[in-house]
Amino acid sequence: MTTWTSGPVAPAARPVITTRVAWYRSLRVRTATAMALLALTLVLAAGAVFAHTSITGAREQLRAQAVAQLRETAATDAFGGALPSRATSDPAALPGPLRRALTGDQVVTYDDGDAMWAARGQGDDLLATRVSAAPVRQQWNALVETFAVSGAAAALIAAVASWFVAGRLTGRLRRTASTVNDAIGGRQAAPAATAEDDEVGVLSRGIADTAAALAARLERERAVSADVAHDLKTPLTALSSAAALLGDDEDAARIRRLVRRLRDLVDDLLRLAQAQHDTPAVQVRPTSMAGAVEQVLEDQATGDVPLRVLADATVPLDADRLARALTNLVQNARQHGGGHVVVEVDGHEVRVVDDGPGFPEAILRDGPRRFGALGTAGGTGIGLAIALHHAEAMGARLVLSTTDGGACAALRFG
């Protein structure tokens, strides 16, 4: 089953361009985060290169110091002096890799992480000394601390700077969206275009030009609708007066109902033309859904349409707007359906069901459109648009669907 549903709306809601987004989706937050991560990455990368170079140089100095210390210790040992505590002639005191690397009189150095060793000789001629690597570790810890602080500071500075820069860009976009909303809502003839020549300025001018053209088309449509409805008022008044002079037979009553229906359509045209300028008055009261629908079917010119009450509920609604919306739905079903129309009340929902071919795909895809062709029988399509307008005014949703048995148009409250 294919279904179209109007979005959940508040009474008299108008479509607008949203100018506020969740903070975590904001371009300012994303830009600031990206720039902070970039700055932190650059500082840490530079720090890693600098630290590697510095620590390598420090190790080489430590190696040279250990070799020089070995020569001094060898000279002392040659003159029969006692070995200092940092020197040894015991092979077991040496790290295994250093002991295995010794060959003859060649000086071999080895860093075990805690000290830098320098040794030469074998057996009784073995002599080794060590230099503590604590200064290198201290230098490494200092470098890590320095670059951690520098990275955090760079990330903070980049985040703050990009926050303000991105804020200027997003602020211009929000102002553009606001002027577009004003133009569409009829509060401004045309949005003011920005004078900047950057990408945002070009985009803003394009949006402004498009909004101005759209606002002009909407204004022309409202003007045409209002003019047509206004021009029909005078002949309709005369027609209503003439119909009131007719007798009380069935044909005269039918003519009066049709005249009243035509007058209601003209009034709806005026209301639709003014909908984007004026907030319509809505009288919402808790009402029995079954009772309200039954009253509509009795009062309006809907013909002999059966009512099925599956479940009743007390619903906050505007009886007059419900009558207008439901009458238009019934008239559409009678005109474009298969001839058999049923109105069903199911709790907070009232449905108009027919046994026709169903709604066209364009209606189910895009929703009701004023003056759009409706099915093979033709028509202006204003009935569904009027029903949608009154449903939105009451805070209800219009649900259109096509089933195997025909078309179903539902007004869903809550």
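The values are calculated or read from the model by the stated rules, or taken from the named source; none is laboratory data. Values in this document were obtained by computation on a predicted structure and should not be read as measured data. Note: ideal-geometry Cβ built from the backbone for every residue, glycine included; neighbour counts use all protein chains shown. Only protein heavy atoms, including side chains, enter the accessible area calculation; ligands, DNA and RNA are left aside. Shrake-Rupley method; radii C 1.70, N 1.55, O 1.52, S 1.80 Å.
Please find, among Asp105, Asp124, the residue that is open to solvent by 50 Å² or more (accessible area, probe 1.4 Å), modelled with pLDDT under 90 and part of a loop (DSSP other than H, G, I, E, B).
The unique qualifying residue is Asp105.
Filter segment 372-414 for residues that are of a type in the set (Val, Ile, Thr) and at pLDDT 85 or above; which is most open to solvent (accessible area, probe 1.4 Å)?
Taking the candidates together, the pick is Thr402.
Sort out which residues of segment 341-355 are part of a loop (DSSP other than H, G, I, E, B) and open to solvent by 20 Å² or more (accessible area, probe 1.4 Å), and write them in order of number.
Scanning segment 341-355 gives His348, Asp355.
Quick test for you: out of Leu297, Leu317, pick the one residue that is in contact with a Phe, Trp or Tyr (Cβ under 8 Å, 6 or more places away or on another chain), buried (at least 16 other Cβ atoms within 10 Å of the Cβ) and either on the phi > 0 side of the Ramachandran plot or at pLDDT 75 or above (or both).
On the way: Leu297 fails: in contact with a Phe, Trp or Tyr (Cβ under 8 Å, 6 or more places away or on another chain).
That would be Leu317, the only listed residue that is in contact with a Phe, Trp or Tyr (Cβ under 8 Å, 6 or more places away or on another chain), buried (at least 16 other Cβ atoms within 10 Å of the Cβ) and either on the phi > 0 side of the Ramachandran plot or at pLDDT 75 or above (or both).
Which of the residues spanning segment 84-102 are open to solvent by less than 60 Å² (accessible area, probe 1.4 Å) and of a type in the set (A, V, I, L, M)?
The answer is Ala87, Ala93, Leu94, Leu98, Ala101, Leu102.
Kindly establish whether Thr5 is modelled with pLDDT of 75 or more, exposed (fewer than 13 other Cβ atoms within 10 Å of the Cβ) and among the hydroxyl-bearing types (Ser, Thr, Tyr).
It is false that Thr5 is modelled with pLDDT of 75 or more, exposed (fewer than 13 other Cβ atoms within 10 Å of the Cβ) and among the hydroxyl-bearing types (Ser, Thr, Tyr).
All but one of (1) modelled with pLDDT of 75 or more; (2) surrounded by 14 or more Cβ atoms within 10 Å (Cβ to Cβ) hold for Thr237; which doesn't?
(2)
Determine the pairs where a residue that is under 22 Å from Leu37 (Cβ atoms), located within segment 134-154, has a partner that is part of a helix (DSSP H, G or I) with Cβ atoms under 6 Å apart, the partner being 6 or more residues away or on another chain.
Within 6 Å, the pairs are Leu143/Ala51; Phe147/Gly47; Ser150/Val43; Gly151/Leu40; Gly151/Val43; Gly151/Leu44; Ala154/Ala39; Ala154/Val43.
I'm trying to understand the selection: among the residues of segment 43-82, which are of a type in the set (Phe, Trp, Tyr) and over 54 Å from the mean Cα position of the chain (by Cα)?
Answer for segment 43-82, where residues must be of a type in the set (Phe, Trp, Tyr) and over 54 Å from the mean Cα position of the chain (by Cα): just Phe79.
For the condition basic (Lys, Arg) and either under 20 Å from His52 (Cα atoms) or touching a residue at least 12 places away in the same chain (Cβ under 8 Å) (or both), what is the one hit in Arg130, Arg168?
Result of the check over Arg130, Arg168: Arg130.
Please specify each residue of segment 189-211 satisfying the condition of being at pLDDT 70 or above and either open to solvent by 30 Å² or more (accessible area, probe 1.4 Å) or in a loop (DSSP other than H, G, I, E, B) (or both).
Val202, Leu203, Arg205, Gly206, Ile207, Asp209, Thr210
Kindly indicate whether Asp112 is open to solvent by 50 Å² or more (accessible area, probe 1.4 Å) and more than 20 Å from Leu62 (Cβ to Cβ).
Values: open to solvent by 50 Å² or more (accessible area, probe 1.4 Å): yes; more than 20 Å from Leu62 (Cβ to Cβ): no.
No.
Out of the residues in segment 320-340 that are under 14 Å from Glu294 (Cα atoms) and of a type in the set (D, E, K, R), state the one that is surrounded by the fewest Cβ atoms within 10 Å (Cβ to Cβ).
If we take residues in segment 320-340 being under 14 Å from Glu294 (Cα atoms) and of a type in the set (D, E, K, R), then Asp320 is surrounded by the fewest Cβ atoms within 10 Å (Cβ to Cβ).
Without any contact (Cβ under 8 Å) to a residue 40 or more places away in the chain and assigned to a loop (DSSP other than H, G, I, E, B): is that true of Ala68 in this structure?
Values: without any contact (Cβ under 8 Å) to a residue 40 or more places away in the chain: yes; assigned to a loop (DSSP other than H, G, I, E, B): no.
No: the conditions fail for Ala68.
Within the group Val160, Val149, which residue is over 30 Å from Leu62 (Cβ atoms), open to solvent by 50 Å² or more (accessible area, probe 1.4 Å) and at pLDDT 90 or above?
Val160
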